[in-house]
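Below is one structure, written out as structure tokens; comments come after it.
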Amino acid sequence: MNITKRRWRQAIGAVAIAGTAAVVLAGCTTTSSSDDTSSTGGGTATIAQVNEVTSFNTNTPQGNLDINGMINQLTQPQFWDFANSDYKIEQNTDIGSYKKLSSDPLTVQYTLNKNAKWSDGKAMDSDDLLMGWAALSGYYDSATLDPETAEVTKGTQYFSTAQGDIYSTKFPKVNNDKSITITYNDPYVDWNLVNPIQFPAATIAKGAGISESKLVSTLKDTPAGDKDNPASPNADLQKVAKFWNTGFDSSSLPSNKGLLVSGGPMKVDSWTPKQSMTLVKNPEYKGNHEVKISKLVIRFIGDANAQVTALQNGEVDAIQPQASADTVKALKAISGTNLLRGDQVAYDHLDLNFGSNVFKDENTRKAFLLTIPRQQILDSIVTPVNPSAKVLNSQIFLPGQPGYDDSVKNNGSSDYDKVDIDKAKQLLNGATPTVKILYNSKNPNRVDSFQAIQASAAKAGFKVTDGGSPDWGTLLPGGDYDASIFGWVNPGAGNAQIPQLFQIGNGSNYNKFSNADADKLSGETQTTLDTSKLVDQKQEIDKIAFQQAYGLPLFQSPGIFAVNKSLKGVKYFGGQTGLVWNIWDWSK
């Protein structure tokens, strides 16, 4: 799935891919260039993606998948975007603008352009801004969560978000029908990445079965949540939250066309389940990110070889397959194709489920991690594509990011540098635990990782059972497994992924990791403006994760785009929105 299950676009975080630290990565290279942005206008671009769309709301725990994040990039309004492939942030003035009015208290004003419209022709307004803020702020929540089960023990939790409660604000001031001002209760490190608009308030109201005016009055009249003295739940707000939490999940084209109203440069037009989704140009969208192509067809092709064949046969114009030596070799043999290659802001990892009976015991967790053949996995999957790649030794940082080298020296990852079957047996003391591993059974790299782990762990006495499934993404939140193998991909900016992974009760804390110190530190990372102190906090969390045998990072993911030369303007990008990150530059 970005932790790019999870790729955040308001205050952004990680997405599970089918993500990680938000610092810029360098060293991306291309074997050839397809950066020509000349436009002939119009035309249909067809691309292939591994995963199928599961939700039009990428901000929920179950909707936080890379492909859903791509649809979000194309169809939802954004106040900011990446200026280039080096992850530099800039304001997107197509729909409006924002500015910091004060640093103490942190105060930010958002203003929509007078001509900003949804795809149904309705003007974007302050009601839409309030709705976006309400869903993502956690303002109304009064819930106390059980640290072990993450279940609500007192109070009410309304909106279920992938990023969790990462910032705290007062109720926004509505300046006029186009503008609101948000005042924060505490400093917020990623304030410039907050995007308080997602869906039309009218769509949410209709889905909740109330009028838009009732929705707005409910937002205004419901007081802030108080965990110490929780009030009775507001029935109308519960309806609104329930629809926002699940109403946009779908496996086929919704009959409610209101769910498809777009505020981005494109809008969903059709969907053939298990095959493809078609998006067309949003005629109401104006500005620098207006697309030149008239139609985008996304074909869902999970197998890398099948993607290569589709490109070779002219069935698609561009693909983003999982990189492997065989895939690169096959792509180089296709004439008229540009290969764009580089690192991804993403990594594969093995997580242990702390909610599982077998891994409640620390010695069992450590014993299992001592059997993981990380170097073998790297050599078979990544080294053929990137010979200089090394085993990843941090849960927080990627190689090249400030803090990575120092963290690796001190976080305890060296305990797992090599497989140690004898030590694992000592820790097990004769026990032969059964471990069910969840992973994407349609992903060759994950299959290879699982098989390598299964064979190695058996030597220490573990009985590793196959929990692989093509529906792994929807199974991940359920917890019916003992360990999981998947990938996190980050947008490329921000720090919101920290509480997403280590905050107790966070919707994206899939393995139910519960450590009071890590929980406290993850919250502090969201209010720490001192860069040096922020790195120290991240390093401390990294150390705790290894001490508690959270799991093991495996490798940073290599990336590759292959593009037919008839499609112009595509550039490599290692963040969560992948191939479509600059679709407004494309032309055919």
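The values are calculated or read from the model by the stated rules, or taken from the named source; none is laboratory data. Given the structure is predicted, the values throughout are model-derived calculations rather than measurements. Cβ coordinates were reconstructed from backbone atoms using ideal geometry, including for glycine residues, and neighbour counts include every protein chain displayed. Surface areas here come from the heavy atoms of the whole protein model, side chains and all, with no ligands, DNA or RNA. Shrake-Rupley method; radii C 1.70, N 1.55, O 1.52, S 1.80 Å.
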* Can you figure out the FRET efficiency of K409 with S388, using R₀ = 22 Å and their beta-carbon distance, to the nearest 0.05? => 0.65
* To do: Subtracting the Cα-Cα distance from 0.36 nm times the residue separation, let me have the gained length for K88 to N229 in nm, one decimal.
  => 46.5 nm
* Structure fact -> Net charge near Y416 (other residues with Cβ under 11 Å of its Cβ; Lys, Arg +1; Asp, Glu -1) is +1
* To do: Take the alpha carbon atoms of region 155-228, find their center, do the same for region 455-484, and report the distance between the two centers in whole angstrom.
  => 38 Å
* Structure fact -> Residues whose modelled amide H sits under 5 Å from the amide H of G96, counting only those 5 or more places away in sequence or on another chain, are N113
* Asked: Which of the pairs K214/K257; K257/K568; K99/K239; K154/K257; K220/K242; K117/K512 have their Cα atoms more than 30 Å apart in this structure?
  -> K257/K568; K99/K239; K154/K257; K117/K512
* Asked: Going by average Cβ neighbours within 10 Å, how do the peptides 395-406, 49-60 rank, with the highest at the top?
  -> 49-60, 395-406
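Are there GluC sites (Glu not before Pro) in region 137-229 that DSSP puts in a loop and that have at most 15 other Cβ atoms within 10 Å, and which ones?
Sites meeting the loop and neighbour criteria: E148, E151.
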* To do: Please give the per residue accessible area of region 461-515, computed with a probe of 1.4 Å over protein heavy atoms only, in Å².
  => 25 Å²
* Structure fact -> Output for region 271-362: trypsin sites (Lys or Arg not before Pro) sitting in coil per DSSP, at most 16 other Cβ within 10 Å, listed by number, reads K274, K286, K360
* Starting from region 416-472, pick out the trypsin sites (Lys or Arg not before Pro) whose DSSP state is loop and whose Cβ has at most 12 other Cβ atoms within 10 Å. => K418
* Asked: Rounded to the nearest whole Å², what accessible area per residue is found for region 226-343 with the 1.4 Å probe?
  -> 45 Å²
* Label 7 Å along Cα→Cβ of T149; region 349-387 residues with amide nitrogen under 16 Å? -> 354-357
* To do: Grab the beta carbon distance between S255 and Q426, set R0 = 45 Å, and tell me the FRET efficiency rounded to 0.05.
  => 0.15
* In order through region 286-295: 3J(HN,Hα) via Karplus (6.51 cos²θ - 1.76 cosθ + 1.60), integer Hz, x for Gly, Pro -> 10, x, 5, 9, 5, 7, 8, 6, 9, 8
* Structure fact -> Expressed per residue, the solvent accessible area of region 369-433 in Å² (1.4 Å probe) is about 50 Å²
* Asked: Given 0.36 nm per residue, what is the gain on full extension from K360 to K520 after removing their alpha carbon distance, in nm?
  -> 55.5 nm
* **Percent accessible area from carbon and sulfur atoms, region 34-114, protein chains only, probe 1.4 Å** => 44 percent
* **Structure-derived Kirkwood radius over Cα pairs in Å - corresponding label in (i) 31.2; (ii) 24.1; (iii) 29.6** => (ii)
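Between rounded, prolate and oblate, where does region 501-588 land on the alpha carbon gyration tensor, with a ≥ b ≥ c its root eigenvalues, rounded for a/c under 1.5, else prolate if a/b exceeds b/c?
On the way: a/c = 2.94, a/b = 2.30, b/c = 1.28.
Note, shape of region 501-588 comes out prolate.
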* With a sphere of radius 9 Å drawn around the Cβ of Q556, what net charge do the other residues whose Cβ falls strictly inside it have (Lys, Arg +1; Asp, Glu -1)? -> -1
* Structure fact -> In whole percent, the fraction of accessible protein surface over region 363-485 that belongs to carbon or sulfur atoms, probe radius 1.4 Å, stands at 45 percent
* Ranked highest first by average number of other Cβ atoms within 10 Å, how do 557-568, 90-101, 242-253, 343-354 line up? -> 343-354, 557-568, 242-253, 90-101
* Structure fact -> Share of accessible surface on carbon and sulfur in region 210-355, whole %, 1.4 Å probe and ligands ignored, is 44 percent
* Which far-off residues, 5 or more places away or on another chain, put their amide H under 5 Å from the one on A224, with H placed in the peptide plane? -> none
* Give a residue-ordered list of calculated ³J(HN,Hα) values for region 452-464 (Karplus: 6.51 cos²θ - 1.76 cosθ + 1.60, θ = phi - 60°; whole Hz; x for Gly, Pro). => 5, 5, 4, 5, 6, 5, 4, 5, 9, x, 6, 9, 8
